[in-house]
Amino acid sequence: MGRSADSARYSVNMTGHGTVLPNGSDNDERYMTVGRARYQISSGMKTNLAVTGSFWLSTIHNYSTRRNGQRRAFALSLRYKTGPWRFKLMGVRQDMDLRNPGSNDIVTVGDYDSVYNIASRATIGFIEGARTIDTGKFPVKLDLFVNYANVWKDSSHHAPNTQRLSLGAFWTDKATNRFRVWSEFYLGRNDPNVGAGQFTNGAGQGGDDKYKSSFLVIFGYYFQ
């Protein structure tokens, strides 16, 4: 029910009518095949170690050239839990063989009624650490976490990396577990969701290549 042509949605998807952006594309993703496998290396009362692999394969149709390209994405992650501590390490590789009339280095995606460009070929690294805090008689449960992500782009235009450091806290009431609050501080560079002037091309050809910050708080009530 938004005003945009093809991005009035909550999830990030490729979008048609993205040509309003510089080097924007007019694509549609079809025939998606997704798979995931998880192997439990060790499992105990206090420690847990698991490795997970996943893939995403699809056809990408360009409305301007009426030709089909491909998307191939693969991810591998390692999760480790010991007592109140949790750690995650993940690597992702994404390749899009596009058939755009112009640049094939970026592709337009959209969500929340807005469109922006991302790199079509990139390698992503992600690391996170989290800890559950003993709050005693305090009526809420608390988890603290910190994570860092870096996107290395293959663009021939030498687009600068997209980076984000996140420091956050997750609060939940002990009585019902229905009231939940997420609060996060972001420090990002060329991140479309951190700082002014980065949204349309920060994750594509890059923004102003400066570190910027923002603070986000989400309140939720869950009925079940």
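The values are calculated or read from the model by the stated rules, or taken from the named source; none is laboratory data. These numbers were taken from a predicted model, which means no experiment stands behind them. Backbone-built Cβ (ideal geometry, glycine too); neighbour counts: all protein chains shown.
Out of everything in region 66-119 that is in a loop (DSSP other than H, G, I, E, B) and in contact with a strand residue (DSSP E or B) (Cβ under 6 Å, 6 or more places away or on another chain), what residue ends up being surrounded by the fewest Cβ atoms within 10 Å (Cβ to Cβ)? Filtering region 66-119 for residues that are in a loop (DSSP other than H, G, I, E, B) and in contact with a strand residue (DSSP E or B) (Cβ under 6 Å, 6 or more places away or on another chain), the one surrounded by the fewest Cβ atoms within 10 Å (Cβ to Cβ) comes out as Pro84. Among residues belonging to region 24-51 that are of a type in the set (Ser, Thr, Tyr) and farther than 12 Å from Tyr80 by Cβ, point out the one that is modelled with the lowest pLDDT. For region 24-51, the residue satisfying everything is Ser25.
In summary, strands (runs of 3 or more DSSP E) completely within region 130-223 and bearing 2 or more residues that are within 24 Å of Val92 (Cα to Cα) occur at 140-153, 162-173, 179-189. The residue of region 188-222 that is nearest to Leu165 (Cα to Cα), among those that are of a type in the set (Val, Ile, Thr) and modelled with pLDDT of 90 or more, is Val194. For region 20-43, the set of residues classified as in contact (Cβ under 8 Å) with a residue 40 or more places away in the chain and either outside any strand (DSSP E or B) or under 30 Å from Arg79 (Cα atoms) (or both) consists of Val20, Leu21, Pro22, Asn23, Gly24, Ser25, Asp26, listed by residue number.
Of all residues in region 1-19, those satisfying the criterion of being assigned to a loop (DSSP other than H, G, I, E, B), surrounded by 10 or more Cβ atoms within 10 Å (Cβ to Cβ) and of a type outside the set (A, V, I, L, M) are Gly2, Ser4, Asp6, Ser7, Arg9, Thr15, Gly16, His17, Gly18, Thr19.
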